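> Dropping a structure here in structure tokens format, bear with me for questions.
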Amino acid sequence: MKKFLHWIYRLWFITLVQSGFYGWISRVKQALFEFGGEWEVSGRPVNNHLYLADVDTIMSKIEYHKDPLGGSLDTFKHPCVAQGHILKKLGLQGFAHVRREDVARLKEMNTLDLHQSFDCDDFAILAASILPWRYSASVLTVMWREKYKCTGHNICLFRQHGSVQGHLGNWGIHELPGGKLNTTRDAAQHVITLLRRAGRNPILVGYKDWKPSQVCHKWD
């Protein structure tokens with residue numbers, strides 16, 4: 001029974017995620033409901049002043065809210081929505097102008113409630129949107145099975161010299177142990193390892209590495 005369910009979940013993953021449909025639905029929803037208006041000014045920043053710890057600090061100041069209906073209608077929110085709220089809190093006009101001293105100010109402020117669902121996929125694409133380009137950020141979707149239940153997680157991968165160095169998201173920053181040899185599969189397996197360290201027993205179903213433009217409307 002478990003083996004049969006595993007292949008059902010695997011087919012679901014291929015149809016929904018591996019095919020790119022998940023990203024397409026996200027872009028359509030962003031274009032219709034999220035992008036433009038007061039948020040358009042933040043767009044895709046070109047910011048080379050921040051470090052991994054700064055991005056982790058920014059995300060730690062945003063409250064996590066699960067998507068309704070158990071995440072069954074989950075999509076990537078456009079990062080400019082969260083960027084806009086952060087900019088208002090800092091009194092700045094564009095994310096490209098955020099400096100490390102601004103992050104230090106944000107660290108001393110209260111946690112920011114966006115008053116809407118904001119979960120792992122939203123944290124991951126937000127991180128990818130504000131990491132400096134030198135990190136070659138992308139978003140990794142990982143799906144796994146535990147007994148009869150299938151679930152997943154999204155993280156932002158960061159790279160140096162073409163190799164995946166680690167990931168960050170609402171679970172914080174995690175560096176991979178393999179140095180220059182790490183791949184996206186190593187990152188996916190690392191998520192499984194973190195779950196096992198927490199006493200869980202996940203079995204990997206699949207993973208997909210997204211370019212941010214694949215899940216974001218008007219990324220470039």
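Each value in this text was obtained by applying a stated rule to the coordinates, not by laboratory testing. These numbers come from a predicted model, not from an experiment. Virtual Cβ from ideal backbone geometry, glycine too; neighbours counted across all protein chains shown.
> How far is the Cα center of segment 82-118 from the Cα center of segment 144-164, in Å?
Their Cα centres are 26 Å away from one another.
> In addition: In debye, nearest 20, what is the charge dipole magnitude of segment 73-163 about its Cα centre with +1 on Lys and Arg Cβ and -1 on Asp and Glu Cβ, if you could check?
So the dipole magnitude of segment 73-163 works out to roughly 220 debye.
> Let me make sure I get this right: for segment 2-215, a, b and c are the square roots of the gyration tensor eigenvalues over alpha carbons, sorted descending. Under 1.5 in a/c it's rounded, otherwise prolate if a/b > b/c, else oblate. Which is it?
Judged from the Cα gyration tensor, segment 2-215 comes out prolate (a/c at least 1.5, a/b above b/c).
> Treat each spin label as a single point 7 Å out from the Cα along the C-beta direction, and report the Y148 to H49 distance in nm.
It is 5.5 nm.
> Taking GluC sites (Glu not before Pro) that fall in a DSSP loop and have at most 12 other Cβ atoms within 10 Å as cut points, what is the longest piece of the chain between them?
So the longest stretch without any such site is 109-220.
> Let me ask something else. With 31 Å as the limit, write out which pairs from K66/K211; K88/K149; K66/K147; K3/K77 have Cα-Cα distances beyond it, or answer none.
Table pairs above 31 Å Cα-Cα are K88/K149; K3/K77.
> Given H placed on each backbone N at 1.01 Å, which residues far from K77 in sequence or on other chains put an amide H within less than 5 Å of it?
Long-range HN contacts for K77: D122.
> So what's the gap between the Cα centers of segment 168-220 and segment 14-33, to the nearest angstrom?
Comparing the Cα centres of segment 168-220 and segment 14-33, I get a distance of 19 Å.
> Going by C-beta contacts inside 10 Å, put I58, I203, I155, I192 in order with the fewest on the left.
Going from sparsest to densest Cβ surroundings: I203, I192, I58, I155.
> Let me ask something else. Treating only the Cβ of Lys, Arg, Asp and Glu as charged (+1, +1, -1, -1), what charge dipole size does the chain show about its Cα centre? Round to the nearest 20 debye.
820
> Based on the Cβ-Cβ distance of K107 and A198, what FRET efficiency does E = 1/(1 + (r/R0)^6) give at R0 = 35 Å, to the nearest 0.05?
Result of the calculation: an efficiency of 0.85.
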